[in-house]
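A short write-up of the structure that comes next.
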Amino acid sequence: MNSSAPSFSEQILAAEAAATTLATAQREASSDLAKAAAAQGRHYPQIIIEAADLLRRLGEPEAALDLMGEGVELDGPTAPFQQAYSRHCREAGDLDGARQWLRGSMLRARPNAGMALALCEIELGRGDQAAADEALELAIQLRWIDAPALRYAADRLTAAGRGDLAAIPLMMMHLRAKGDLSLRRELAPLLQAHAPFERVPEAVRSRLGLADPATLADVAVPAGSDSGHQFTNGWFQGAAKSVWDDLVPQIDPTRILEIGSFEGASSCYLIDTLATRKDIEIHCIDTWEGGVENAADGWSPANMSDVEQRFLDNIRLSVDRAPHKVDVHLHKGRSDLALCKLLAEGRQGYFDFIYVDGSHQAPDVLCDAVLAFRLLRENGVIAFDDYLWKEPLPYGVDPIRCPKPAIDAFTNLYCRKISIISAPLYQLYVRKLCE
């Protein structure tokens, strides 16, 4: 037995130390600390992937690629590591390497349409039109369930100057969420501009109905549906509105608290729905700094200064046209601090309806849930958004970076004080029975 080999406990503690160093590197945007974390965690693929991602964001793609090369020797040809390696190769301009690793990943794990479309974009960059067409035909035969991957593929294909191909992932998303007006506004001009899609393989055109005039009619936004708001995505429209159309009139809230406002889609809905017949008070909490998905290399990048301005403009529009008074309170900052301040101001049991859609990191969600419960009146309702959301990470799902474990913990611990309202499980709604 080799006495110099680290024990199991020592290996676990080394991984924890590396994770702590990596967290500091991310917070301080330090490439030196990222490299130190990778050295500490050299036996742990997840640490290497995240350290390489950080180095790439900090403008050191070659160092990132070197790390991935070392990691693949450690981890072997596993699908998550190959997919991450492909992404780094593509960012570094090594399209042959990107193709090799992505194809390997697709052979070792159940692929989806987003992966095939990413392969199509790589093949186009390599100048292999036949291989790109093959990837397109493969994409329509795979699962269309990964919306972030489809959105990423659409953005990459648009950047490559192929709006006709960008329409393909957008159409896949539309067919799964036809109520998303923002998506329809984005897709309709592409259908008009590129019809009859002669450069797209016939099998793809036929499967998605790209050349069918009826498709454009289906995608077109109905006249009068444009509210004048500036929403760049349809998350609320697609995931929550249909439930809220039934639930909000039943709750009929007057005092509302929203944790996570982004562009104000949910706030504007509540103002437009409730302030037509009574005065309401709404509190909005957000840092307007965005989450990991909104970073430049995230799966939903956003300029958060622009997002905040759109929020202000959208709220102003809804308030100005509301026939009744709307008392809006903005709390710019972290939700834990804002919620504690509301409690300190004596607002325990104050709100009728609380919408939790802030940070999706499990510890943050649990903190929001516990403090929100204190602020909610008896018989009031908390709505948890994105109950089943999972961050699209190259190495799979990290349960600490998902809302569900926190929401499950809250509902289990408070099971004698709440009841769960039946609704589609992408969101979870609970009613407060007692303190």
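The values are calculated or read from the model by the stated rules, or taken from the named source; none is laboratory data. Computed from a predicted model, the values in this text were never measured in an experiment. Note that each Cβ is placed from the backbone with ideal geometry, even for glycine, and that neighbours are counted across all protein chains shown.
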Among (1) at pLDDT below 95; (2) touching a His at 6+ places or on another chain (Cβ under 9 Å), TYR269 falls short only on (2)
Among the residues of the stretch 111-142, how many are in contact (Cβ under 8 Å) with a residue 12 or more places away in the chain and farther than 16 Å from ALA203 by Cα? 12
Given the residues LEU366, LEU330, which is the only one that is within 23 Å of the chain's Cα centre (by Cα) and surrounded by fewer than 21 Cβ atoms within 10 Å (Cβ to Cβ)? LEU366
Residue in the stretch 381-394 that is closer than 20 Å to ILE256 by Cα, in the same structural domain as ASP336 (by TED's automatic domain parsing) and surrounded by fewer than 16 Cβ atoms within 10 Å (Cβ to Cβ) present: no
Checked SER335, SER359 against criteria (modelled with pLDDT of 95 or more and buried (at least 20 other Cβ atoms within 10 Å of the Cβ)); the one match is SER335
Does ARG151 fit the bill of being part of a helix (DSSP H, G or I) and in contact with a helix residue (DSSP H, G or I) (Cβ under 8 Å, 6 or more places away or on another chain)? yes
Of the residues ARG151, ARG126, only one is closer than 28 Å to SER182 by Cβ, charged (D, E, K, R), in the same structural domain as LEU55 (by TED's automatic domain parsing) and out of contact with any strand residue (DSSP E or B) (no Cβ under 9 Å at 6 or more places or on another chain); which? ARG151
Could you tell me which numbered condition ASP286 fails, if it satisfies all but one of (1) exposed (fewer than 13 other Cβ atoms within 10 Å of the Cβ); (2) over 16 Å from PRO253 (Cα atoms); (3) at pLDDT 95 or above? (1)
From ARG184, ARG99, residue being of a type in the set (D, E, K, R) and closer than 30 Å to ALA51 by Cα: ARG99
Matching residues in the stretch 179-212 (at pLDDT below 85 and touching a His at 6+ places or on another chain (Cβ under 6 Å)) number 1
Which one of these does HIS43 not meet: (1) within 27 Å of LEU102 (Cα to Cα); (2) touching a helix residue (DSSP H, G or I) at 6+ places or on another chain (Cβ under 6 Å)? (2)
Would you point out which residue out of ALA34, ALA64 is in a helix (DSSP H, G or I), at negative phi, crowded, with 22+ Cβ neighbours inside 10 Å and at pLDDT 90 or above? ALA34
So, ALA14, is that one buried (at least 16 other Cβ atoms within 10 Å of the Cβ), over 30 Å from GLU123 (Cβ atoms), among the small types (Gly, Ala, Ser) and at pLDDT below 90 or not? yes
Would you mind stating whether ILE420 is loosely packed, with under 14 Cβ neighbours inside 10 Å and either assigned by TED's automatic domain parsing to the domain that holds ARG108 or among the hydrophobic types (A, V, I, L, M, F, W, C) (or both)? yes
For the stretch 85-127, which residues satisfy the criterion of being small (Gly, Ala, Ser), closer than 17 Å to GLN141 by Cβ and surrounded by fewer than 21 Cβ atoms within 10 Å (Cβ to Cβ)? ALA109
Which condition from (1) more than 27 Å from the chain's Cα centre (by Cα); (2) under 26 Å from ASP155 (Cα atoms) is the one that GLY349 breaks? (2)
